[in-house]
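No lab work stands behind these numbers, since they all come straight from the coordinates. It should be emphasised that the depicted structure is a prediction, and the values quoted were computed from it without experimental measurement. For neighbour counting, all protein chains shown are included, and Cβ atoms are generated from backbone atoms with ideal geometry for every residue, glycine included.
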Amino acid sequence: MTVRPHIAAWLAAAAGVGAVVAAFAWTAPRPTRTPDRSTLDAPIVMGRREGCLACHAGIVGLDGSHQPARIGCASCHGGNVQSLDARLAHDGMIRIPGNLADAPRTCGQAMCHGAIIPRIERSIMTTLAGVIEVDRRVFGDAALPSQAPPSQAPPHVTALGAGPADTHLRQLCASCHLGQPKTDWGAISQTSRGGGCNACHLVYDSAATQQLEAWRNTAPPSRTGIPRRHPAFTIAVDNGRCFGCHSRSARIATNYEGWHELRDAPAVAALTADARLPHPKYRLLDDGRTFTRATPDVHQSRGMDCIDCHTASEVMGKGEVVTHARDQVQVRCEDCHAARIASIPPSHSDAETNTLAGLRGWTFRPGERLGVGASGGVLANVVVSADLGARLRHKRTGTWAPLRPPRAQCTQGGGHARLSCNACHTAWAPRCATCHTTFAPSADAYDHVEQQEVRGAWTESSEPFEAAPPTLGIRWDPRDTAHPHGVVDTFVPGMILDLDRNRTAGAAPDRVFRRLYARTSAHTTSRASRSCASCHSDPVALGFGRGALRFVVSGAIGRWTFTPALGPSPQDGLPADAWTGFLQARRGMVSTRDDVRPFTVDEQRRILSTGACLTCHDGASTVMQRAIADFGATVARHSPRCVLPTWP
């Protein structure tokens, strides 16, 4: 009789076997074969004999709950535990467990991590929903989200169609999602994509890596077995796990470490991808891209990892179906940098936070409390106590760092009440103001969804990249009731592009022009803030693009003038790198999202009014500090020598 896996699990439960799924996580043998049940010499695991360990008893490297002596091999790899015959035992075996396609039968079994897999499956890192929605919007393939019916489910990378936007995504974007399978043994690297649970939690130490390389370098007829050192699993996730996907697009991973991408590689003979031979100024990634040194994020300089800010429920999702990163990301700067951090006793924390603390071996002294973010989520590594104040515990190392409250300037309100933390403290962001996208019908490309070569390729070209302080604009969030009119946030050119949607050889071009900026959280936080002038009289900050912005005084009349560095675009007349016109309004599609916009004419005038004052008064002067608190009252008392702007 062939015992089906779900029936076997039920039988084991009825017999009182502890971790049911671990015992019967194998795929049933084919009905035409007669299993060899001669397992009398096999070790007993979880109340039953497991033939896997008769041959693989020498496997080391796994610890804790993943030790073979506790859960065997079949709990993760499947196969037929009833047989000592290699051919039958390996029937239905999962060579690389943890890929999302088989995660419910491996990592996600009921007695293991069953509650986590549905969360990951709904996560934006699995669905790629936000990227898909934005790309379709840019191509004009879908209605804006505000026009879509509420019942419409967010898009999913596995359900991409064959239209212009979706084929563009298939070729240029769809490799970066957790559902992309890991197909070969080995450590996660710069070029890794996907892998499901493996993407974050699989770790090869030096011994495992050396044994795997030796095994690969041995001809198959001479191999005596698989490597004995098994890679481990960890919750101490280092930044290298995020790097493969997040060093592209917004380039958050490289920004954080202080590297800015160059479009053209420098002529440097010593440039190498070997981390043991670093160049002091340049870095070559394994995928061939070259970066130059820039200012790293202050948190990175203090030794913080990505997981020190981003929580498990952010990374893996909370189980809700979301469309954009805004809906999944919960952490805010103010959660840790506050005069008073909200907190609860550890005993009141959720089960997942308590489990993670236990796995890390963390304990709490009497009176210590755990921080709580604005979203209501527990900050597992933020500890508040009466004697030591607020501290952050690094999740990988367990070391401590004090949490600094914001300076008085950050909370004084008045004219700066709507500023986000990013608006002042983002040191730089990668910018590219020009992108040309065309389709070559006769060229070949790789479809990352179908995992095969296809005819017809989308190609992109751009101008050189630059690293500069970001543009400012308005973002609003319906959940932020303290700022119903939005906050000032940071933006970069998202897509200023001339797009030819035609995919038929010889047909007339089907061009569409977009001038879209995108909100950025560049991850280049600086302890020092931007200067007053860099916001109030800088044309890039205001969205006008590069050029000369001057306050010209003639007698009692003062006027702002702007001479752009780049000529007007033939499509809309604005400078090629601008987001909005100088003292002009933008209408229609202005961003890759519908919850942001550039400054209005009235907002530009108010910002530039302060900029006019800064032509004479230092930003730290008494009069300018008074102006932050109440600009109107300060201007009403201005000296007769002051010249205020006159507007056209």
TODO: Amide H neighbours of Thr323 under 5 Å, at least 5 residues apart or on other chains, H built in the peptide plane: list them.
DONE: none
TODO: Just need log10 I(q)/I(0) for region 414-636 at q = 0.17 Å⁻¹, Debye formula, equal scatterers on the alpha-carbon atoms, no solvent, rounded to two decimals.
DONE: -1.26
Open item on the list: Can you show me the helix-derived [θ] at 222 nm for the chain, built from DSSP H runs with n ≥ 4 at -39,500 (n - 2.57) apiece and divided by the number of residues, rounded to the nearest 500.
Closed with: -5500 deg cm²/dmol
- [ ] Could you run the Debye sum over the Cα atoms of region 366-489, one equal point scatterer each and no solvent, and tell me log10 of I(q)/I(0) at q = 0.10 Å⁻¹, two decimals?
- [x] -0.66
Open item on the list: Suppose a student asked you for the relative contact order of region 94-228, using Cα pairs under 8 Å spaced at least 6 residues apart; what percent would you report?
Closed with: 24 percent
Task: C-alpha long axis of helix 351-360 to longest principal axis of the chain, angle in ° - done: 80 degrees
Task: Whole-Hz ³J(HN,Hα) from phi, Karplus 6.51 cos²θ - 1.76 cosθ + 1.60, for region 513-526, glycine and proline x - done: 10, 10, 10, 10, 9, 10, 5, 10, 10, 5, 6, 10, 4, 10
Open item on the list: Just to confirm the number: angle between the C-alpha axis of helix 601-614 and the first principal axis of the chain, 0 to 90 degrees, nearest 10?
Closed with: 70 degrees
Task: Built amide H within the under 5 Å cut-off of Cys107, gap 5+ - done: Gly98
Task: Net length gained if the chain between Trp647 and Ala219 were fully extended (0.36 nm per residue, minus Cα distance) - done: 146.2 nm
Task: Relative contact order [Cα under 8 Å, 6+ residues apart], the chain, whole percent - done: 9 percent
- [ ] Tell me which label goes with the value of mean projected area of the Cα convex hull in nm² computed from the coordinates here: [x] 52.1; [y] 36.5; [z] 28.1.
- [x] [y]
Open item on the list: Counting other beta carbons within 10 Å of each residue's own, what order do Glu314, Glu50, Glu453 fall into, fewest first?
Closed with: Glu453, Glu314, Glu50
Task: Vicinal HN-Hα couplings computed from phi for region 253-261 (Karplus, 6.51 cos²θ - 1.76 cosθ + 1.60; Hz; Gly/Pro x) - done: 5, 6, 4, 4, 7, x, 10, 10, 6
- [ ] Pull up all non-local amide H partners of Gly72: gap of 5 or more, or a different chain, and H-to-H distance under 5 Å with H placed in the peptide plane.
- [x] none
Task: Crossing angle, helix 5-14 versus the chain [Cα axis fit, 0-90 degrees, rounded to tens] - done: 70 degrees
